[in-house]
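Q: The structure's right below; bear with me while I get my questions together.
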Amino acid sequence: MAVQALISCQASFLTHHLRLRGQHGVVAGGPRLLRMSGGKQMRGKSSGPKVLDEYHHEFQSKHEEEKSMVRVSAVLEGDQVKCSIECKCRGEMVLHWAFSESSKGWYAVPDECLPAGSRRIDEKASQTTFVNGRIEIVMKKQDMPEAISFVLKKSSPEEWISGPGGDFKIALKSPDSSSIGQLIMEREAKASHWSILDRMRLVNQNVKAVAESEEGLSWLYTLLRFNQMKLVPLTRNSNYQSKDLAHTQDGVSLAFASLYAKQPDARLWARMCVALVPRGGGNGDAIRLEILDIMRRHGIKEGHRPGIEDRFLEEWHQKLHTNCAPDDIIIAEAYIRFLETGNPDDYWSHLKGNGLSWEYMSSIGGGKGSANSGLKGLTATPLHLPQLCNDIKHLRWTLMQVHGGADLDFMIHKASGGLDGELNGILREIQSNRHEWWVPGKILEARRRLKHLLSNGEGHRDGLMLDVSLDQWFKVQLEKTQFGHLEKNNLLDVTSVALENCALSLGQELEFCHSQLCKVKEMGNRWSKEWGLVAKATVERISLALQEVSGRIYSCVQPKAEQLGKAMGTEEAYLTNFGEEVIRGSSTFIVSQLLACLDPMIRECANIGTWEPMSSIVEATGSVQVLENLVAIQGKEFKEKQVVVVREVRGIEDIPKGVTAILTRSSIDALSHIAIRARNQRVLFATCHDEQAFSDLCRRQGLVDVSVDSMGNIVVKEGVKSDQKVQEEATGSIKVVSPASPKADVLEEEEFDEQVVGSKSLNLHKLIALKRELPAYVEFPFSAAIPFGVFEKILAADANKPVQQKIQKLQASLTGEPQHDLEVLKELRNSFEEVEIPASLLKDLQARTLKSPLSNFLQEYEEESCEAIRRVWASKWSDRAYFSRKAHRIPDSNLFMGVLLQPVAAASYAFVLHTKNPMNGKEEELAGELVLGLGEALVGNHPGRALSFLVDKKSGKVTVGRLPSKREGFFLEDSTFIFRSDSNCEDLDKYAGAGLYDSVMAIEPEKKAIDYSNDRVFWDGNYREELLKKIAEVGIAIERQLGKEQDIEGVVSEDKIVIVQSRNQV
């Protein structure tokens, strides 16, 4: 609960050896998890060659003065893969290569994939000679491996040339995302010979391979953080030379910089990883030679050479020779402190304070299971030889050249040569005045100028590492401020500065948020109620962005840390808060702390209390049950009354029988399906806007009485003992009408009849008949329907007999026990994929939709349309629907599912109207909510708030309750068809059934982060009022024509209001 509270707090306020056969294993790719999730690609929209991999790499031959270059490209065109490798170098060059994959490393290339003139060297590797500096490998798509691995061989004189930190790789396709994790755990826990060099090689060889896999990248991050925290060994039966580690680390940092430049979706993880790795490069041999020179010049005993006996220097010299690593920078700094003060405690305290414990120092070199290098720990206290101080400072600088990472001074020095004079001037000013109060502003100025460099070409390694260093120093400086003591205008300014710094690290969505906050700051009438509503929506939007990134990071790294820790036998104390500490160390955490201070001030001026009721119920009683989400109680029926205190409500859940109140930290839309269900079930439903108040509530136990006071606040008191048993409802009180047999498998709108279609279809039919009585700007979509009984008819056909029997068997196995039934329901839904839809139905659908704007859609997208129809039919067996019917004693056999087809066009806004205010029951008030894009974000209660408003039906006065803060919206690039569920078990007396069944678009909309900074409805009050009046006018007219309060869904498309559906308000 503590970790989830941290994340929720952010949400609401914002946690070179040559390896010819891939000995370490390589994951050649990963699943495309980082792309924005959207629908299916439109056929014919993307064609032509697809670049699978492309890069170039400079290398220096030992026998040539000028650098050479290897260029690689891999292209998929149709059913053929072409890999081109070019290398211009003097003399004969040979490609030493094989296919490779994560589970088995190198393996033999099939004969049909070998270029002419190739020869096999052994059971795995082949060699091909470059002709005119080029080799082309051609294969069929079906023969394509995960990767091609290779090294270059210069024939005369013989020289082997590898990639940056290992083999060259051509990544072609993605293996299972878990393979990188298995590889890491296998190597770290079981390899008999292993070291930091091997670890860095493993990372380097897999950066490009997992470039599009959040799973893979977060595994690399977790390993690198374990490495930084010294939770994995420096060596195990293995030694290495500094020059090899320098070369590999150079490759790692370059690889992450390239990933950052080329893969915008991977920038979060590329940035996090590069913060944990040394820059690399430099002269690794210089470290060993320099410590030797220092010892000889100052007469320190070395081996059999006589001199001053200093066991520390002798041990450290041995480590630098065999196991030099980034920890040697810390050792050098600790030694310098001791040489300056003469106090041994300064040496040991600096080591301990930077993660080098006595146990770690004891394990270096000749520690448990290590190679017999002669070193058995680095535990000696140094002699005080102050004459060595300047030489050790220079040695530290040499170490920094190889092992230095995100150190501000070091990276300013390394990056300066590639930056313009003005930026270098800003950096020198930061460096010279780093502790001044105004430095954060200068850091932002520098980071703005760096931004464009980081995403160009192959990336800017030094620029990226400098940017990380600046971000870290910004955080250090801002943490000195006591946010709670700031005056509210100063707090707003500091929040804006911190948010911009965060946006510079995390990209577009936070940039949207920063632009929005800047406009809030520019508004007049600051701290008025009107300003407060704008500011509150903005704070919510920022908080949701922080929650998304923090939640992603935590959910990715925490399980991996636990898995790797278990494999390594790591102490539990290091793992429990692993993910939480990652979040706390990020720039998002500072912004969340600032929002926690700012939010109460904004709520006060906007007249928004700690609690916000979402139902008209004002009293409830029951036993407290504290949950993370409602998923854990889906399908349950409580015998005694329950008050549920739940951190997250997603909007797709059902409310179990026996729940009398739901008190949540999530923002809830008043007209979302779950809010409607709460009101219909007489459940007190409220959102808490204050983390402390909610945390206090989570500590409640036992029986409580909950009430809503006159100010809308929730009051929770110790309950008075009384009968807490849930009253049984009379069985059969909900009447479900059995449908008649349909006259046809597909009906056009004028053929809709209450005996064969559901209320969605029927009400639309009624409205279209009354169109002349409605405002001229109202439109209705073309509609057709697959009526009740068609699915049952198709399922009974001979072609579907096997799946019919399977479905019947699964239905019969349902027991009413949630834990058992959830698995059965999943299998039931999956069974619908086997249902064969007859060609006659498809032909009928195509004929009946010729009049629609998308007359050829069903023919072109036949497969997608069939899948959508199956998913609608299958939603009879969704978890929520099944358990809801069970709770209301509705037999499954009574439910029949129809399908309503409608074309969907791109929309600016979507809305829901209740023509009678559902919160207070006032018939003279219309209540509405509006979101950007399509309506799924609203009815599904996606995170954030919709724009909420009330309209007085007589005067037309519009009152805006809240402005929108939804983090994401659903948007269509092209028109499509939606297949709406339309059952006979919705809109019944005593049972709304709202949102229980699925509606599916053939081409799913794209989910995008919303930029409110330029949205007209958000900022233009006059336009907003005009649009809301127009929408309300439609609702009032529909209510008048149908003679009853209505629940209406529609969209705003240019200057038209399109009514998607209307039903009686239950």
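The values are calculated or read from the model by the stated rules, or taken from the named source; none is laboratory data. Quantities reported herein were computed from a predicted structural model and do not represent experimental measurements. Cβ: placed from backbone, ideal geometry, glycine included. Neighbour counts: every protein chain shown.
Q: Mind checking whether some residue in the stretch 487-500 is of a type in the set (S, T, Y), modelled with pLDDT under 95 and out of contact with any Lys or Arg (no Cβ under 9 Å at 6 or more places or on another chain)?
A: No: zero hits.
Here's the yes/no breakdown for (1) of a type in the set (A, V, I, L, M); (2) under 30 Å from P613 (Cα atoms); (3) part of a strand (DSSP E or B):
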position: M711; (1), (2), (3): yes, yes, no
position: D723; (1), (2), (3): no, yes, no
position: S738; (1), (2), (3): no, no, no
position: V757; (1), (2), (3): yes, no, no
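Q: Right, next: Among the residues of the stretch 595-605, is there at least one that is closer than 22 Å to M919 by Cβ and surrounded by fewer than 22 Cβ atoms within 10 Å (Cβ to Cβ)?
A: Pass one, the stretch 595-605, residues closer than 22 Å to M919 by Cβ: 603.
This time we only want the ones that are surrounded by fewer than 22 Cβ atoms within 10 Å (Cβ to Cβ), so: 603.
Yes: one or more hits.
Q: Any residue at all in the stretch 697-705 that is closer than 27 Å to E540 by Cβ and of a type outside the set (D, E, K, R)?
A: Just the residues of the stretch 697-705 that are closer than 27 Å to E540 by Cβ, to begin with: 697-700.
Retained after the next criterion (residues that are of a type outside the set (D, E, K, R)): 697-698.
Yes, some residue in the stretch 697-705 is closer than 27 Å to E540 by Cβ and of a type outside the set (D, E, K, R).
Q: Give the residue, chosen from A946, A910, A906, that is within 21 Å of S1053 (Cα to Cα) and surrounded by fewer than 21 Cβ atoms within 10 Å (Cβ to Cβ). Reasoning before the result, please.
A: Working: A946 fails: surrounded by fewer than 21 Cβ atoms within 10 Å (Cβ to Cβ); A910 fails: surrounded by fewer than 21 Cβ atoms within 10 Å (Cβ to Cβ).
Answer to the check: A906.
Q: Could you look through the stretch 491-534, keep only residues that are outside any helix (DSSP H, G or I) and of a type in the set (A, V, I, L, M, F, W, C), and pick out the one that is nearest to S1013 (Cα to Cα)? If you could, list the steps in order and put the result at the bottom.
A: If we filter the stretch 491-534 for residues that are outside any helix (DSSP H, G or I), which is where we start, we get 507, 523-528.
With of a type in the set (A, V, I, L, M, F, W, C) added as a condition, the list becomes 523, 527.
Details: M523: 13, W527: 19 Å.
Restricting to residues being outside any helix (DSSP H, G or I) and of a type in the set (A, V, I, L, M, F, W, C), the top hit is M523.
Q: V626 - would you say it is buried (at least 21 other Cβ atoms within 10 Å of the Cβ) and in contact with a helix residue (DSSP H, G or I) (Cβ under 7 Å, 6 or more places away or on another chain)?
A: Numbers: buried (at least 21 other Cβ atoms within 10 Å of the Cβ): no; in contact with a helix residue (DSSP H, G or I) (Cβ under 7 Å, 6 or more places away or on another chain): yes.
Answer is no for this residue.
Q: While we're looking at this one, here's another question. Going through Q593, Q563 one at a time, which residue ends up being modelled with pLDDT of 95 or more, at negative phi and over 18 Å from the mean Cα position of the chain (by Cα)?
A: On the way: Q593 fails: modelled with pLDDT of 95 or more.
Answer to the selection: Q563.
Each row is one residue, and each column tells you yes or no for (1) within 30 Å of N607 (Cα to Cα); (2) hydrophobic (A, V, I, L, M, F, W, C); (3) buried (at least 19 other Cβ atoms within 10 Å of the Cβ).
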{"position": "M711", "(1), (2), (3)": "yes, yes, no"}
{"position": "I714", "(1), (2), (3)": "yes, yes, yes"}
{"position": "K717", "(1), (2), (3)": "yes, no, no"}
{"position": "D723", "(1), (2), (3)": "no, no, no"}
{"position": "I734", "(1), (2), (3)": "no, yes, no"}
{"position": "L747", "(1), (2), (3)": "no, yes, yes"}
{"position": "S759", "(1), (2), (3)": "no, no, yes"}
{"position": "K771", "(1), (2), (3)": "no, no, no"}
{"position": "F782", "(1), (2), (3)": "no, yes, no"}
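Q: Among the candidates V549, V631, single out the residue that is of a type in the set (A, V, I, L, M), part of a helix (DSSP H, G or I) and buried (at least 18 other Cβ atoms within 10 Å of the Cβ). Reasoning before the result, please.
A: On the way: V631 fails: buried (at least 18 other Cβ atoms within 10 Å of the Cβ).
None of the others qualify; the one that does is V549.
Q: Of the conditions (1) in a helix (DSSP H, G or I); (2) not assigned by TED's automatic domain parsing to the domain that holds P164, R279 fails just one. Which one is it?
A: Among (1) in a helix (DSSP H, G or I); (2) not assigned by TED's automatic domain parsing to the domain that holds P164, R279 violates only (1).
Q: I'm checking my understanding of the structure. Among residues of the stretch 821-862 that are under 30 Å from the mean Cα position of the chain (by Cα) and of a type in the set (K, R), which one is surrounded by the most Cβ atoms within 10 Å (Cβ to Cβ)?
A: Here the answer is R829.
Q: Would you tally the residues in the stretch 184-197 being in a helix (DSSP H, G or I) and either surrounded by fewer than 24 Cβ atoms within 10 Å (Cβ to Cβ) or not assigned by TED's automatic domain parsing to the domain that holds D244 (or both)? Walk me through it before giving the result.
A: Just the residues of the stretch 184-197 that are in a helix (DSSP H, G or I), to begin with: 184-190, 196-197.
If we keep only those that are either surrounded by fewer than 24 Cβ atoms within 10 Å (Cβ to Cβ) or not assigned by TED's automatic domain parsing to the domain that holds D244 (or both) as well, we get 185-190, 196.
Residues flagged as in a helix (DSSP H, G or I) and either surrounded by fewer than 24 Cβ atoms within 10 Å (Cβ to Cβ) or not assigned by TED's automatic domain parsing to the domain that holds D244 (or both) within the stretch 184-197 amount to 7.
Q: Now for a different question. Consider the stretch 970-1019. How many of its residues are farther than 20 Å from I1048 by Cβ, of a type in the set (K, R) and part of a strand (DSSP E or B)?
A: Counting residues in the stretch 970-1019 that are farther than 20 Å from I1048 by Cβ, of a type in the set (K, R) and part of a strand (DSSP E or B) gives 2.
Q: Please go through the stretch 803-820 and give me each residue that is touching an Asp or Glu at 6+ places or on another chain (Cβ under 8 Å) and surrounded by 11 or more Cβ atoms within 10 Å (Cβ to Cβ), ordered by number. Even if it seems obvious, please write down each step before you answer.
A: Filtering the stretch 803-820 for residues touching an Asp or Glu at 6+ places or on another chain (Cβ under 8 Å) gives 803, 806, 810-811, 814-815.
Within the stretch 803-820, V803, K806, L810, Q811, L814 meet the criteria.
Q: May I pose another question? Which of (1) assigned to a strand (DSSP E or B); (2) at pLDDT below 90 does S884 not meet, given it meets every other one?
A: (1)
Q: Do you know which residues across the stretch 234-276 are surrounded by 21 or more Cβ atoms within 10 Å (Cβ to Cβ), modelled with pLDDT of 90 or more, touching an Asp or Glu at 6+ places or on another chain (Cβ under 9 Å) and assigned to a loop (DSSP other than H, G, I, E, B)?
A: Of everything in the stretch 234-276, just one residue is surrounded by 21 or more Cβ atoms within 10 Å (Cβ to Cβ), modelled with pLDDT of 90 or more, touching an Asp or Glu at 6+ places or on another chain (Cβ under 9 Å) and assigned to a loop (DSSP other than H, G, I, E, B), namely A275.
Q: Still on this structure: Only one residue in K169, K230, K173 is assigned to a loop (DSSP other than H, G, I, E, B), more than 24 Å from I291 (Cβ to Cβ) and basic (K, R). Which one?
A: Working: K169 fails: assigned to a loop (DSSP other than H, G, I, E, B); K230 fails: more than 24 Å from I291 (Cβ to Cβ).
The conditions single out K173.
Q: Residues of the stretch 783-824 being out of contact with any helix residue (DSSP H, G or I) (no Cβ under 6 Å at 6 or more places or on another chain), outside any helix (DSSP H, G or I), more than 19 Å from V757 (Cα to Cα) and hydrophobic (A, V, I, L, M, F, W, C), which ones?
A: Residues satisfying the conditions are A796, A797.
Q: Just give me the residues in the stretch 141-163 being within 12 Å of S100 (Cβ to Cβ) and not in a strand (DSSP E or B), in sequence order.
A: Residues satisfying the conditions are P145, E146.
Q: Just to confirm my filter: which strands (runs of 3 or more DSSP E) fall fully inside the stretch 89-129 and include at least 3 residues that are touching a strand residue (DSSP E or B) at 6+ places or on another chain (Cβ under 7 Å)? Full working, then the answer.
A: On the way: elements: 93-101, 105-107, 126-129.
Because the criterion is at least 3 residues that are touching a strand residue (DSSP E or B) at 6+ places or on another chain (Cβ under 7 Å), the strands (runs of 3 or more DSSP E) in the stretch 89-129 that meet it are 93-101, 126-129.
Q: Since L996 meets every condition but one in (1) over 26 Å from the mean Cα position of the chain (by Cα); (2) at pLDDT 90 or above; (3) closer than 21 Å to S875 by Cα, which condition does it not meet?
A: L996 satisfies every listed condition except (2).
One line per residue, one yes/no per condition, for (1) modelled with pLDDT of 95 or more; (2) among the hydroxyl-bearing types (S, T, Y); (3) not in a strand (DSSP E or B):
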residue: Q902; (1), (2), (3): no, no, no
residue: A906; (1), (2), (3): no, no, yes
residue: A910; (1), (2), (3): yes, no, no
residue: M919; (1), (2), (3): no, no, yes
residue: L938; (1), (2), (3): no, no, yes
residue: N941; (1), (2), (3): no, no, yes
residue: S948; (1), (2), (3): yes, yes, no
residue: V951; (1), (2), (3): yes, no, no
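Q: Could you tell me which residue of the stretch 389-443 is nearest to A498 (Cα to Cα), considering only residues that are of a type in the set (K, R) and in the same structural domain as G342 (by TED's automatic domain parsing)?
A: Start the filter on the stretch 389-443 by keeping residues that are of a type in the set (K, R), which leaves 393, 396, 414, 428, 434, 442.
When the remaining residues are screened for being in the same structural domain as G342 (by TED's automatic domain parsing), the result is 393, 396.
Details: K393: 35, R396: 33 Å.
Per the stated criteria, the residue is R396.
Q: Return the residues of the stretch 887-900 that are at pLDDT 90 or above, in a loop (DSSP other than H, G, I, E, B) and touching an Asp or Glu at 6+ places or on another chain (Cβ under 9 Å); say none if nothing qualifies. Even if it seems obvious, please write down each step before you answer.
A: Taking the stretch 887-900 first, the residues at pLDDT 90 or above are 891-900.
Retained after the next criterion (residues that are in a loop (DSSP other than H, G, I, E, B)): 891, 895-896.
Scanning the stretch 887-900 gives a single hit, F896.
Q: Would a scan of the stretch 576-584 turn up a residue that is more than 25 Å from the chain's Cα centre (by Cα), part of a helix (DSSP H, G or I), modelled with pLDDT under 95 and closer than 21 Å to M229 by Cβ?
A: Residues of the stretch 576-584 that are more than 25 Å from the chain's Cα centre (by Cα), as a first pass: none.
No, the stretch 576-584 contains no residue that is more than 25 Å from the chain's Cα centre (by Cα), part of a helix (DSSP H, G or I), modelled with pLDDT under 95 and closer than 21 Å to M229 by Cβ.
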